[in-house]
1. Given a Förster radius of 22 Å and the C-beta distance between residue 37 and residue 276 as r, what FRET efficiency does 1/(1 + (r/R0)^6) yield to the nearest 0.05?
2. Once both labels are modelled 7 Å past Cα along the beta-carbon direction, what's the residue 162-residue 203 spacing in nm?
3. Could you tell me the calculated FRET efficiency between residue 76 and residue 9, based on Cβ-Cβ distance and R0 = 22 angstrom, to the nearest 0.05?
4. Once the Cβ-Cβ distance between residue 268 and residue 236 is put in as r, and R0 is 30 Å, what FRET efficiency do you end up with, to the nearest 0.05?
5. Counting only DSSP beta bridges with both residues in the chain, tell me the antiparallel percent, nearest 5.
6. Please compute the contact order of region 189-280 in relative form: average sequence separation of alpha-carbon pairs under 8 Å and at least six residues apart, divided by the residue count, as a percent.
7. So for region 79-200, averaging the separation of alpha carbon pairs under 8 Å that are six or more residues apart and normalising by length, what relative contact order in percent results?
8. If I fit a long axis through the Cα atoms of helix 90-101 and take the longest principal axis of the Cα atoms of the chain, what angle between them do I get, 0 to 90°, rounded to 10?
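A short reminder: the numbers here are calculations on the coordinates, not readings from a lab. Just so it is clear, the model here is predicted, and its values are computed rather than measured. Every residue, glycine as well, gets a Cβ built from its backbone with ideal geometry; the counts of neighbours run over all protein chains shown.
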């Protein structure tokens with residue numbers, strides 16, 4: 001597993017967890033903004049970014065394994081105490097499943113276009129995800145033509161980005177072999193009882209009340225075609241005291257679309273003294 005570990009070793013840790021089909025590159029601007037005073041730990045999930053991309057015979061591309069991976073990584077870094085958790089996309093499900101399962105002391109949370117609970121009742125499962133995750137044609141398109149990462153590099157941005165930035169997002173997924181995780185993530189979405197991971201999703205959702213008194217920042221790209229308003233409203237139900245920032249003209253890759261405004265806001269949220277957060 002490849003990971004970034006930047007900043008003073010004794011500084012408050014900020015764990016940043018990405019989703020599919022991104023990698024630690026997604027958090028580069030936030031790391032640069034925080035690494036002088038926080039220990040920024042940003043893994044590439046197995047099969048993603050610069051991490052190994054083993055075949056199914058050597059690795060289980062399942063949610064429970066992802067949770068175990070985070071625990072193994074952080075145990076190897078030998079630090080304890082409270083952590084600040086920053087999550088996006090699958091990072092939310094992995095991060096909160098890890099935190100609830102291991103009773104992690106989470107200090108502050110930054111939650112961006114993600115979920116840690118079953119799909120909201122008002123949300124219809126997107127056809128593109130069904131095609132990619134449930135059909136042989138979709139699997140062929142994802143692994144053979146890089147349809148998932150390539151399409152995301154087009155539609156997940158709602159603001160102009162350079163060709164180099166787009167290429168950086170798709171770069172790790174340059175062959176059939178190296179696209180295994182982008183497919184397995186979609187295939188692993190638990191939608192109904194009996195799906196592997198469904199019980200873990202339920203357990204995680206049931207454990208979110210542990211964080212009711214923790215400062216939380218919800219930052220949402222409202223043009224996200226998957227994690228749209230129903231997911232944001234669900235988070236508000238689970239964490240009613242959370243601050244919420246809506247970006248009406250931003251998409252799924254919110255740390256790209258809203259970087260100029262959002263990165264300083266996240267830094268301010270993490271830096272703000274606890275007594276000031278309580279009054280906010």
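1. Values: r = 17 Å, r/R0 = 0.77.
Once rounded, the FRET efficiency stands at 0.85.
2. Reported label-point gap for residue 162 and residue 203 is 4.5 nm.
3. Working: r = 14 Å, r/R0 = 0.63.
That gives a FRET efficiency of 0.95.
4. Numbers: r = 21 Å, r/R0 = 0.70.
The pair residue 268/residue 236 has a calculated efficiency of 0.90.
5. 15
6. Values: 85 pairs, mean separation 23.8, N = 92.
Dividing the mean separation by the residue count of region 189-280 yields 26 percent.
7. On the way: 118 pairs, mean separation 25.5, N = 122.
It comes to 21 percent, rounded to a whole number.
8. For helix 90-101, the angle is close to 60 degrees.
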